[in-house]
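Presented below is the structure to which this report refers.
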Amino acid sequence: MQGVYLCSFYARHENYNMVYNDVDKKTKPDLLCSATRVDLRKYDYIIATPPCNYWSHASSEKQKSEYARKTKHLLPCLISLLSNTGKPFIIENVRNVPKMTKNKVFYLANKKGLYVHFVGRHTYFTNVLCNLETKQKKDYTTNGNRLNKRKGAQGGENVHRVLEVWLKQLHI
């Protein structure tokens, strides 16, 4: 089975046959383009971790960067796009129930028949019936300071762990 990881940034899952996509050439992706332009027909499964800047609690609506405003469409766009492929997929983003509810992200996921999982600080949308529970590493202090300041964390070790659980269930 071959998969594609959209908006992968620095994330890698070395035990799986996967092609990585991103718009930042510094991350050395296999496919350097927008996630919405990748030809998905040749892949057996899809992972996507679109930018969470807009959806995050980390800054107020007034403080959202131009990048956050320019990429906010990717989460609902990828939910729609991947739902139409008929292939197994999972999409990760931050957990922000009020903002995702207000912007009808959960409505869209429900309309597409997706399973929504909340694991740690993250939300996962998938069309695969699965159990994503896995131990989460504490990566923030109680006052909101990040403990893991590794460059290119992209959700960090916790997201990697959950995606590994999903991949293992998919490859059984």
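The values are calculated or read from the model by the stated rules, or taken from the named source; none is laboratory data. Here the structure is a predicted model, which means the values were calculated and not measured. No Cβ is skipped: glycine too gets one built from the backbone with ideal geometry, and neighbour counts run over all protein chains shown. SASA here: full protein model, heavy atoms, side chains in, ligands and nucleic acids out. Shrake-Rupley method; radii C 1.70, N 1.55, O 1.52, S 1.80 Å.
Any chance you could count how many residues in segment 16-41 are within 19 Å of L163 (Cβ to Cβ), of a type in the set (A, V, I, L, M, F, W, C) and open to solvent by 40 Å² or more (accessible area, probe 1.4 Å)?
So the answer is 1.
Counting only residues that are in contact (Cβ under 8 Å) with a residue 40 or more places away in the chain and part of a strand (DSSP E or B), how many does segment 118-136 have?
5
Residues checked against (1) part of a strand (DSSP E or B); (2) modelled with pLDDT under 95:
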{"site": "Y5", "(1), (2)": "yes, no"}
{"site": "V19", "(1), (2)": "yes, no"}
{"site": "K26", "(1), (2)": "no, no"}
{"site": "R41", "(1), (2)": "no, no"}
{"site": "N53", "(1), (2)": "no, yes"}
{"site": "A58", "(1), (2)": "no, yes"}
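A quick yes/no check of all residues on (1) under 19 Å from N21 (Cα atoms); (2) surrounded by fewer than 16 Cβ atoms within 10 Å (Cβ to Cβ); (3) free of Cβ contacts under 8 Å to residues at least 40 places away in the same chain:
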| residue | (1), (2), (3) |
| --- | --- |
| N53 | yes, no, yes |
| L81 | yes, no, no |
| N93 | yes, no, no |
| K104 | no, yes, yes |
| A109 | no, no, yes |
| K112 | no, yes, yes |
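Being hydrophobic (A, V, I, L, M, F, W, C) and touching a Lys or Arg at 6+ places or on another chain (Cβ under 8 Å): is that true of I46 here?
yes
Which of (1) outside any strand (DSSP E or B); (2) touching a Leu at 6+ places or on another chain (Cβ under 8 Å); (3) crowded, with 18+ Cβ neighbours inside 10 Å does I47 not meet, given it meets every other one?
Every listed condition holds for I47 apart from (1).
Criterion first (aliphatic (A, V, I, L, M) and surrounded by 15 or more Cβ atoms within 10 Å (Cβ to Cβ)) does A58 satisfy it? Steps first, please.
Working: aliphatic (A, V, I, L, M): yes; surrounded by 15 or more Cβ atoms within 10 Å (Cβ to Cβ): no.
Criteria not met by A58.
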